[in-house]
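The values are calculated or read from the model by the stated rules, or taken from the named source; none is laboratory data. Keep in mind that what you see is a predicted model, and the values were worked out from it rather than measured. Heads up, the Cβs are rebuilt from the backbone with ideal geometry, glycines too, and the neighbour counts pull from every protein chain shown. Just the protein is used for accessible areas: all its heavy atoms, side chains included, with ligands, DNA and RNA removed. Shrake-Rupley method; radii C 1.70, N 1.55, O 1.52, S 1.80 Å.
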Amino acid sequence: MQLIDQRFLPHQFVIEEVRSVEHMSAAIREMHVRGAGLIGASAGYGMYLAALEAARQDLFDEHMTGAAAQLRATRPTAVNLSWAIERQLQNIAAGKTAEEKVALALRTADWIADEDAEHCRMIGQHGLQLVRQIAETKRKKAVNVLTHCNAGWLAFVDYGSATAPIYAAHDGGLPLHVWVTETRPRNQGSKLTAWELSQHCVPHTVIADSAAGHLMQRGEVDLVIVGTDRTTCTGDVANKIGTYLEALAAKANDVPFYVALPSSSIDWKMRDGLKEIPIEQRGADEVKNADGWCDGRQIAVQIAPGKSPAANYGFDVTPKELVTGLITERGVCDANEKSIRSLFPEHAP
Ligand code: MRU
């Protein structure tokens, strides 16, 4: 199994070979692969690798249960992880022999990946209508979209969630410019989103996270589109740390704030995002240091005093009241339970 080791982007394009579920778990935990959809797809293939290992042993089911637990423990916030693992366990259970189970695991992993790409493509088509409506009011001037972190094709199997409408609009000839927040501490915005947009020739500008409110006050942002790692069935949105502040600034300045997500990022059991969504905390060194490219190699430099403690919350929760709408593979809905369930009636409580 091959993946792009995203830790080296945008400076180096490194392909990593993954041969065991243990290796896949480490790749997810250490963020060689990251982003909700890609975490789900990687976990799907991790379960396939586990099935190959299990077929070489006596206790197939026990090995799969252990593999599922190992993968589940890698990252707590993105619900796509447990969604993909559950899907695998359910489908594999239908196999009667180890050989059948391995075949089912591969088919399910491919299905998770293909569906992720198709859902993001559809998000692009629905989001395009929103961008088009705004473009009509701008008299050929560029529509300014602000996005946070990386909810691009690197975070999924293809297209991305927040970037899918951007790519669709750009490809359709709509004039567009993207404000890319750098997204401290790991800089997924300045490293990954800026790289993706450059590859696609989409006009963009990298800004410090704290510049978002200033730009909104000046009328320089027409809409915000972000991704999500877990959205409750009631519409509360967990996304990369800093999203909540952007949503507050958007509300204060009447800027539409949209969240783009495939339904695999909806948690159909959770109702209160603030109380229930687990928020990942990572190492303090990510906050105290910054890393980048210097003389042909990746280096980390210390910013904060060595003795100062630091806290590193990976995500925050934006309450539904601050969300203008959700862009899903089935269309755009309001961020409330009734509207979400009307698009996905098969998930009736
Ligand atoms: O910590 P990460 O990089 O895995 O975080 C994921 C993100 O990039 C964002 O929160 C994103 O908007 C949602 S994932 C599509």
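Is one or more of the residues making up segment 222-235 small (G, A, S) and open to solvent by 40 Å² or more (accessible area, probe 1.4 Å)? Steps first, please.
Restricting attention to segment 222-235, the residues satisfying the condition of being small (G, A, S) are 227, 235.
Filter again for open to solvent by 40 Å² or more (accessible area, probe 1.4 Å), leaving none.
Within segment 222-235, not a single residue is small (G, A, S) and open to solvent by 40 Å² or more (accessible area, probe 1.4 Å).
Look at (1) closer than 29 Å to T228 by Cβ; (2) part of a helix (DSSP H, G or I) and you find that R75 fails only one, number (2).
Evaluating Y258 against the criteria (1) closer than 17 Å to Q188 by Cβ; (2) part of a strand (DSSP E or B); (3) not polar (S, T, N, Q) leaves one unmet condition, (1). Looking at (1) under 19 Å from A103 (Cβ atoms); (2) surrounded by 22 or more Cβ atoms within 10 Å (Cβ to Cβ), which is the only condition A55 fails? Here A55 clears every test but (2). Say we look at segment 117-148 and pick out the residues that are within 16 Å of the ligand (Cβ to nearest atom) and open to solvent by less than 10 Å² (accessible area, probe 1.4 Å); which of these is farthest from V14 (Cα to Cα)? By that ranking, first place goes to G127. Just name the residue that is surrounded by the most Cβ atoms within 10 Å (Cβ to Cβ) out of those in segment 285-310 that are without any contact (Cβ under 8 Å) to a residue 60 or more places away in the chain and within 16 Å of the ligand (Cβ to nearest atom). Among residues in segment 285-310 that are without any contact (Cβ under 8 Å) to a residue 60 or more places away in the chain and within 16 Å of the ligand (Cβ to nearest atom), the one surrounded by the most Cβ atoms within 10 Å (Cβ to Cβ) is D291. Scanning segment 152-179 for residues that are touching a strand residue (DSSP E or B) at 6+ places or on another chain (Cβ under 8 Å), within 12 Å of the ligand (Cβ to nearest atom) and more than 19 Å from D5 (Cβ to Cβ) yields S161, A162, T163, A164.
Residue check: is E17 surrounded by fewer than 15 Cβ atoms within 10 Å (Cβ to Cβ) and within 14 Å of the ligand (Cβ to nearest atom)? I'd like the intermediate steps shown before the answer.
On the way: surrounded by fewer than 15 Cβ atoms within 10 Å (Cβ to Cβ): yes; within 14 Å of the ligand (Cβ to nearest atom): no.
No.
Checking the condition among the aliphatic types (A, V, I, L, M), in contact with a helix residue (DSSP H, G or I) (Cβ under 7 Å, 6 or more places away or on another chain) and surrounded by 24 or more Cβ atoms within 10 Å (Cβ to Cβ), which residue from M64, M1, M47, M31 passes? Before the answer, list the steps.
Numbers: M64 fails: surrounded by 24 or more Cβ atoms within 10 Å (Cβ to Cβ); M1 fails: surrounded by 24 or more Cβ atoms within 10 Å (Cβ to Cβ); M31 fails: surrounded by 24 or more Cβ atoms within 10 Å (Cβ to Cβ).
Among M64, M1, M47, M31, only M47 is among the aliphatic types (A, V, I, L, M), in contact with a helix residue (DSSP H, G or I) (Cβ under 7 Å, 6 or more places away or on another chain) and surrounded by 24 or more Cβ atoms within 10 Å (Cβ to Cβ).
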